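Remarks on the structure that follows.
The values are calculated or read from the model by the stated rules, or taken from the named source; none is laboratory data. Because the structure is a prediction, the values reported are computed rather than measured. Every residue, glycine among them, receives a Cβ derived from its backbone with ideal geometry; neighbour counts consider all protein chains shown. These area figures cover heavy atoms from the full protein model, side chains too; ligands, DNA and RNA do not enter into them. Shrake-Rupley method; radii C 1.70, N 1.55, O 1.52, S 1.80 Å.
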Amino acid sequence: MATRKLIVDGKEIEAEETITLLQACEQAGAEIPRFCYHERLSVAGNCRMCLVEWVGAPKPQASCALQVKDIFPNKDGTPAKINTTSPYARKAREGVMEFLLINHPLDCPICDQGGECDLQDQAMGYGRAAFHRFNENKRAVEDKYMGPLVKTIMTRCIQCTRCVRFATEVAGVPDLGATGRGEDMEITTYLEKAFASELSGNVVDLCPVGALTSKPYAFNARPWELRKTESVDVMDAQGCNIRVDTRGPQVMRVLPRLNEEVNEEWISDKARHACDGLVRQRLDRPYIRVNGKLKPATWAEAFATIDGKVKGTQPAKMAAIVGDLAAAEEIKALKDLMAALRVVNLDCRQDGSKIGGGPRQTYLFNSTIAGVEAADAILLVGANPRWDAPVLNARIRKAWLASGVKVANIGPAVDLTYATQQLGTDIAVLEQIASGSHDFAKVLTDAKRPMIVLGSGVLTRKDGAAILKLAAKIAGDTGMIGPAGSHAEGGWNGFNILHTAASRVAALDLGFLPGAGGRDVAAIVDGAQKGEIDFIYLLGADEIDLAHLGRAFVVYQGSHGDAGAHHADVILPGAAYTEKDGLYVNFEGRVQRGRRAAFPPGDAKDDWAILRALSDVLGVRLPYDTRAALVAAIEKDATHFAILNTAPVHADTAAATWGGIGESGVLDTAAVTAGIEDYYLTNPIARASETMSKCSQEMVHGQHKMAAE
């Protein structure tokens, strides 16, 4: 790549010609202030705060709007000189800051951005010490309505347009823009409607002043009061990296953490704002159902009740189901406990997905999240990435903007924020692609890096196994997988399963599936109805058909009083994801560690510790007394758990690997439907959240419908 020499603050550097002058200066160790510039957004050049001196130029230069290739050498051939700290550059920035503060209100004492405000920090570092010279009245701007998540105080806005560019470029929702000119310019939603995106909360992080702040978090805390803990999000299966901010025992907010390979620096609105559900409808003590009513009990009484029921039944009549938010530790502990009791009716697929049992790559998102940017053809089957994994959807949009990747969709027509070829809701289209008679079959065959993405909309159908086999055939025939790796150099695996449950991949890795002759979720529910199953252990499982469990004795272990707890005979209070250390595996197979940010309320305990204590009472003591010993047992079962923060690479895709995937069968004639009916209410924590309830009412059921309309 072509480079060019520059002298920055007396230090000679060699920088790539395609980067901005601002980036080149920072590579040389200079600090350049900015408000409008952001690495992931297009260059606007609005704020002029990044002015530097180009020796010989007639005026200061906006370093964000110049590329290194625009900086030509001096007439004598010597490299151009750039000064970032000279009196000339400093005076230019002071002037810009003075202009920015002409109309900015003196809101710092009551502004939610106080303590983490770019304008505050840069006014101190780069502003004039004296008072400004403008005595006219400050302008005032009406606040705009942006929905239940984003609070606006638009008088503070400095028109950096970061929010507008994020909405248009990353979120793909053209709801924000500017009206008026000069002093009358305003950032607005035009029609006073909600900012209809699942990523809307990110504009609060982007806003360099207090114009856009978090509505649910308003006036709750100051940043210096909060204890910060790095963790992993469990609201979907992407495993976005987050920072959990707590004050005392309460989670005050959740913010994104930078991880280029997983979520860049974005998180979904559910990941960010469902945290208020952590204090509502919590289970904080054991309960036992007596004469049809749940009564508080001690741990010893709850365990004794379970012990009595287990001793009065047979292993063939017992079952265990893992929910969507469980960490690997409790999944392993429950599996070992059930194995010790000789129970084979185990399942982790609450939704009834027809996956698992084969090699890892048959149930992973093998292309990896970052690999989406290299794809040149994508076939979505029963997947709505905008709701299944909003941050992944933003990555697909990024690839579409950069390379024009061709995307086709078999399923309901939804606005995915990028151009999509709608192939209808008839699953027979997949057969046509497999036989090569459909137009998109040629697109996949001609592509160097084709991808197929299977979502829960098809995997949970009765013919899910047949669809899986058909998808594997398409992947093999079009060069996504196979002995040669693919058409692409360096190998490629384009066969992808898009999970929506954070616990699913870890549970499949640990083999939490029906044993020999064991029942899956549907058969467990059916057996309970018929009286063939009389003991069911639910580990945070709330999404199954609980109304048809008949007279089965139900033990519910979880953090919230949701559907599972309402139908339980014994309730064991567990910890939520912010209240325990735990290993989670995202849909690409990346093992990540969530860390405890607070402690569970009342008598609630870590989930694995509950199972360990229960095993003692049941007379089948589990062989680990500490979390470290449990993790060692997990790593012995599945060695990849020892490798954190690394996505597996399955470029070597031998045909034998895919031979046994799915089952041959006749496809159902039913239309392909969306896997998620309401993005905001998919798990117990989200359903307990007042904020998510407001979002659901407005975005899904109200006048501003999106994605699934």
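When the helix-only estimate is applied to the chain (DSSP H runs of n ≥ 4, each -39,500 (n - 2.57), divided by the residue count), what is the mean residue ellipticity at 222 nm, nearest 500 deg cm²/dmol?
It lands at -7000 deg cm²/dmol.
Assuming charge only on the beta carbon of Lys and Arg (+1) and of Asp and Glu (-1), the dipole of segment 492-606 about its Cα centre is about 360 debye to the nearest 20. Maximal additional length on extending the residue 523-residue 639 stretch stands at 38.6 nm, based on 0.36 nm per residue less the C-alpha distance.
Rounded to the nearest 0.05, what FRET efficiency do residue 432 and residue 678 have when you use their Cβ-Cβ distance and R0 = 22 Å?
On the way: r = 32 Å, r/R0 = 1.45.
The formula returns an efficiency of 0.10 here.
Taken about its Cα centre, the chain carries a charge dipole of about 800 debye when Lys and Arg each add +1 at the Cβ and Asp and Glu each add -1 at the Cβ. Across the accessible surface of the chain, with the other protein chains kept in place and a 1.4 Å probe, carbon and sulfur atoms take up 51 percent.
Applied to segment 328-339, the Karplus parametrisation 6.51 cos²θ - 1.76 cosθ + 1.60 on θ = phi - 60° returns per-residue 3J(HN,Hα) values of 4, 4, 6, 5, 4, 5, 5, 5, 5, 5, 5, 5 Hz, with x for Gly and Pro. Label separation (residue 551 vs residue 290): 2.2 nm, computed from points 7 Å beyond Cα along the C-beta direction.
Using a simple spin-label model with pseudo-atoms 7 Å out from Cα toward Cβ, residue 18 and residue 184 lie 4.2 nm apart. Take 465-475, 57-67 and order them by the average number of nearby Cβ atoms within 10 Å per residue, most first; the result is 465-475, 57-67. Under 18 Å between alpha carbons, and skipping anything fewer than 8 positions from residue 398 in its own chain: which lysines qualify? Reachable lysines: 406. The listed residues 338, 124, once ranked by accessible area (1.4 Å probe) with the largest placed first, stand as 124, 338.
Return a whole-number percent for the relative contact order of the chain, with Cα pairs under 8 Å and 6 or more residues apart as the contact set.
Details: 1535 pairs, mean separation 105.5, N = 709.
So the answer I get is 15 percent.
Our coupling estimate for segment 521-530, obtained by passing each phi through the Karplus curve with A = 6.51, B = -1.76, C = 1.60 and θ = phi - 60°, is 4, 4, 6, 5, 4, 5, x, 5, 5, 8 Hz, Gly and Pro reported as x. Its relative contact order, with pairs defined as Cα atoms under 8 Å and 6+ residues apart, puts segment 566-676 at 23 percent. Separation of segment 178-208 from segment 523-557 is 48 Å, based on Cα centroids. Taking the Cα centre of the chain as the origin and placing charges on Cβ (Lys, Arg +1; Asp, Glu -1), which of 541, 481, 602 is farthest toward the positive end of the dipole? Going by the Cα projections, it comes out as 602. Considering only 157, 359, 197, and ranking their Cα positions along the charge dipole of the chain that arises from unit charges at the beta-carbon of Lys, Arg, Asp and Glu, the one farthest toward the positive end is 157. Here the 3J(HN,Hα) profile of segment 217-225, calculated from phi with Karplus coefficients 6.51, -1.76 and 1.60 at θ = phi - 60°, is 8, 3, 6, 8, 7, 9, x, 6, 7 Hz, Gly and Pro shown as x. Under a 5 Å amide H cut-off, with hydrogens placed 1.01 Å from N, residue 424 pairs with 411 among residues at least 5 apart or on other chains. Under the classification rounded if a/c is under 1.5, otherwise prolate if a/b is larger than b/c and oblate if not, where does segment 94-146 fall, given a ≥ b ≥ c as square roots of the Cα gyration tensor eigenvalues? Oblate.
Counted residue by residue at 0.36 nm each, then reduced by the alpha carbon distance between them, the extension gain from residue 446 to residue 191 reaches 87.4 nm. Only lysines eight or more places from residue 151 in sequence, or on another chain, were considered; those with a Cα closer than 18 Å are 193, 215, 270, 694. Classification of segment 226-376 by its C-alpha gyration tensor yields an oblate form. The axis ratio a/c (a ≥ b ≥ c) is 1.5 or more, and b/c is at least a/b.
Under the simplified labelling scheme, the residue 121-residue 224 pair shows an inter-label distance of 1.5 nm, with each label point 7 Å from Cα along Cα→Cβ. Between the residues 241, 207, 182, the greatest Cα displacement towards the positive end of the dipole of segment 177-254, with unit charges on the Cβ of Lys, Arg, Asp and Glu, is found for 241.
Relative to the current alpha-carbon distance between residue 40 and residue 593, full extension at 0.36 nm per residue lengthens the span by 196.4 nm. Hey, how many Å between the Cα centroid of segment 86-132 and the Cα centroid of segment 403-426? Here the two parts' Cα centres lie 46 Å apart.
Which angle between 0 and 90 degrees, to the nearest 10, do you get for helix 87-100 versus the longest principal axis of the chain when only C-alpha atoms count? The two axes meet at around 60 degrees.
Please find the FRET efficiency linking residue 530 to residue 581, where r is the Cβ-Cβ separation and R0 is fixed at 45 Å, and quote it to the nearest 0.05. Let's see the in-between values first.
Working: r = 40 Å, r/R0 = 0.90.
Computed FRET efficiency for residue 530 and residue 581 comes out at 0.65.
Which angle between 0 and 90 degrees, to the nearest 10, do you get for helix 299-311 versus the longest principal axis of the chain when only C-alpha atoms count? The helix 299-311 is inclined about 50 degrees to the chain.
Rolled with a 1.4 Å probe across the full set of protein chains, the surface gives residue 235 an accessible area near 10 Å². Under 5 Å from the amide H of residue 253 lie the amide H atoms of 245, each residue being 5 or more positions distant or on a separate chain, with H modelled from the backbone and absent for Pro and chain starts.
When the Cα gyration tensor is reduced to axis lengths a ≥ b ≥ c, the ratio a/c is 1.5 or higher for segment 63-175, and with a/b not above b/c it is classed as oblate.
Amide H contacts of residue 365 (H built 1.01 Å from N, in plane; Pro and chain starts excluded): 497, 588, 589 sit under 5 Å, all sequence-distant by 5 or more or on other chains. Within the same chain, aspartates and glutamates fewer than 8 places from residue 81 are excluded, and of the rest, those with a Cα less than 17 Å from its Cα are 9, 12, 14, 16, 17, 26, 31, 53, 70.
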